[in-house]
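Enquirer: I'd like to ask some things about the structure below.
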Amino acid sequence: MRNVVIIGSGPAGLTAAIYSARANLLPLMLEGKEPGGQLTLTTLVENYPGFADGIMGPQLMEDMRKQAQRFGTEVVSDFVHKVELKQTPFRVHYGDKVVESKTVIISTGSSAKLIGIESEVRLMGHGVSTCATCDGFFFRGKKIAVVGGGDSAMEEANFLTKFATEVNLLHRSETFRASKIMVDRARNNPKVKFHTNTVVDEVVGSPATGVTGLKLRDVKTSKTSTMDLDGIFIAIGHNPNTEIFKGQIEMDERGYIKTQDNSTRTNIPGVFACGDVQDPVFRQAITAAGSGCMSALEAERWLEH
């Protein structure tokens, strides 16, 4: 029987582990399939407070992990494949083991949807990004592309014009899912160039050189072309990692776990959710860490009462 089981090991889960361990709750953290979460896919992180010269994403996560362990967190490198939240104590299944716990903190995060080509994965963090807020600064004075047709793509394209000299918006269709006001805003920005009926077949470059261009294809004519540029942002949405919780906990229509206002409490007493798994809006390391702190404090109070 554990006091706290934390599912996931990004900034939210690790911060929850640090706080609950310092409260002598001896938490068990199950790292998941991507230990450290999305920050392990990034290179330099410049917007996390306390690091004037920036810090590499994987290093930041490793330091957080060591900090959590120093206070007594037990970290297990395995992923959860089943949970039982409709009974108490809660039961969490990982590998061939099952653990019972008085509280559960869900911090499984979300995963950016990708185009589905090998080169975007190989060059992730080397000119390929899924977060304009995180990485836009690195493309000051550069020529870049944004892939997508929703509000987030339009918003990122506009945001990136603060840094880039040219932003090419690539969309596979002629129509956009984005609201008219967001499309108009992007069309009225002189730095944004629209390319419809266009898909990316390959991202050109290497980890050493970074992104140097794209191989494109017109979906109507199948005509191929190349585009020289320095970076590409994938803005086709995110999927919350909530598959194993479906049918047991309240979620919104997109699969994000619902939490109460100004809280990380879910509809199940004793179960808390923090980070990107319940935040489709901000999706930043610092906001995830903040909500991880909240979930640990709320779990501690719940155990006391």
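We did not get these values from a lab; they are worked out from the coordinates using the rules stated. What you are looking at is a predicted structure, and each value in this text was computed from that prediction instead of being measured. So basically every Cβ, Gly included, is an ideal-geometry build from the backbone, and we count neighbours across all protein chains shown.
Enquirer: On a C-alpha basis, how far is the centre of the stretch 100-165 from the centre of the stretch 253-302 in Å? Whole number, if you could?
Expert: Spelled out, the Cα-based centre of one part sits 22 Å from the other.
Enquirer: Output the relative contact order of the stretch 256-305, whole-number percent, from Cα pairs under 8 angstrom with separation of 6+ residues.
Expert: The value is 34 percent.
Enquirer: Can you work out ³J(HN,Hα) from phi for every residue in the stretch 38-54, in order, using Karplus 6.51 cos²θ - 1.76 cosθ + 1.60 and θ = phi - 60°, giving whole Hz and x for Gly and Pro?
Expert: So the Karplus estimates, Gly and Pro as x, are 5, 5, 6, 8, 9, 9, 7, 9, 10, 10, 8, x, x, 10, 4, 9, x Hz.
Enquirer: Follow-up question, since we're still on this one. So for the pair Lys143, Leu26, with labels modelled 7 Å out along Cα→Cβ, what separation do we get in nm?
Expert: For the pair Lys143/Leu26, the computed spacing is 6.2 nm.
Enquirer: Checking the table Lys193/Lys215; Lys162/Lys191; Lys113/Lys191; Lys162/Lys215; Lys191/Lys223 against a 19 Å threshold on Cα-Cα, which pairs fail?
Expert: Over 19 Å Cα-Cα: Lys113/Lys191; Lys162/Lys215; Lys191/Lys223.
Enquirer: Shifting gears a bit: Would you pull out the residues with amide H under 5 Å of Gly213's amide H, same chain only if 5 or more places away, H placed 1.01 Å from N?
Expert: Val204, Leu229
Enquirer: Using the charge dipole of the stretch 1-105 (Lys, Arg: +1 at Cβ; Asp, Glu: -1 at Cβ; taken about the Cα centre), state which of Met64, Gly8, Ser20 has its Cα farthest towards the positive end.
Expert: Highest projection toward the positive end goes to Ser20.
Enquirer: Could I ask something else about it? Could you list the GluC sites (Glu not before Pro) in the stretch 141-250 that lie in coil according to DSSP, counting only those with at most 14 other Cβ atoms within 10 Å of their Cβ?
Expert: Glu174, Glu250
Enquirer: Still on this model: Which cross-chain or sequence-distant (5 or more) residues have an amide H under 5 Å from the amide H of Phe90, H modelled 1.01 Å from N in plane?
Expert: Ser101
Enquirer: Follow-up question, since we're still on this one. Please list 3J(HN,Hα) in residue order for the stretch 147-158, calculated via the Karplus relation 6.51 cos²θ - 1.76 cosθ + 1.60 where θ = phi - 60°; whole Hz, with x for glycine and proline.
Expert: Couplings: 9, x, x, x, 4, 5, 5, 5, 5, 5, 4, 5 Hz.
Enquirer: I need to check one value: relative contact order of the stretch 114-234, counting alpha carbon pairs closer than 8 Å and at least 6 residues apart, in percent.
Expert: Dividing the mean separation by the residue count of the stretch 114-234 yields 31 percent.
Enquirer: Name the trypsin sites (Lys or Arg not before Pro) in the stretch 213-305 that are in a loop by DSSP and that have at most 14 other C-beta atoms within 10 Å, would you?
Expert: Here the trypsin sites (Lys or Arg not before Pro) that fit, given the DSSP loop and packing criteria, are Lys220, Lys223, Lys246, Arg254, Lys258.
Enquirer: Now for a separate question. Quick check: net charge around Ser77, other residues with Cβ under 15 Å of its Cβ, Lys/Arg +1 and Asp/Glu -1?
Expert: The answer is -2.
Enquirer: Return the loop-located trypsin sites (Lys or Arg not before Pro) in the stretch 118-157 (DSSP other than H, G, I, E, B) with at most 15 other Cβ atoms within 10 Å of their own Cβ; answer none if there are none.
Expert: Hits after loop and neighbour filter: Arg140.
Enquirer: Oh, and also: How much net charge surrounds Arg140 when only the other residues with a Cβ under 14 Å from the Cβ of Arg140 are counted, with Lys and Arg +1 and Asp and Glu -1?
Expert: Neighbourhood net charge equals 0.
Enquirer: Quick one: angle between helix 11-22 and the longest Cα principal axis of the chain, in degrees between 0 and 90, rounded to 10, please.
Expert: Helix 11-22 and the main axis of the chain meet at about 20 degrees.
Enquirer: Quick one: order Phe139, Phe233, Phe176 by neighbouring beta-carbon count within 10 Å, fewest to most.
Expert: Phe176, Phe139, Phe233
Enquirer: Give me Ser152, Ser129, Ser222 sorted ascending by neighbouring Cβ count inside 10 Å, so fewest comes first.
Expert: Lowest to highest Cβ neighbour count: Ser222, Ser152, Ser129.
Enquirer: Another question, then. What is the sum of charges around Pro240, taking Lys and Arg as +1, Asp and Glu as -1, for the other residues whose C-beta is under 15 Å from the C-beta of Pro240?
Expert: -1
Enquirer: Give a residue-ordered list of calculated ³J(HN,Hα) values for the stretch 167-172 (Karplus: 6.51 cos²θ - 1.76 cosθ + 1.60, θ = phi - 60°; whole Hz; x for Gly, Pro).
Expert: Values, residue by residue: 10, 9, 8, 9, 9, 6 Hz.
Enquirer: Okay, next question. In which sequence would Ile55, Ile7 go, from the one with the fewest C-beta neighbours within 10 Å to the one with the most?
Expert: In increasing order of surrounding Cβ atoms, one gets Ile55, Ile7.
Enquirer: If you average the sequence gap of Cα pairs under 8 Å that are 6 or more apart and divide by the length of the stretch 1-146, what percent do you get for the contact order?
Expert: It comes to 29 percent, rounded to a whole number.
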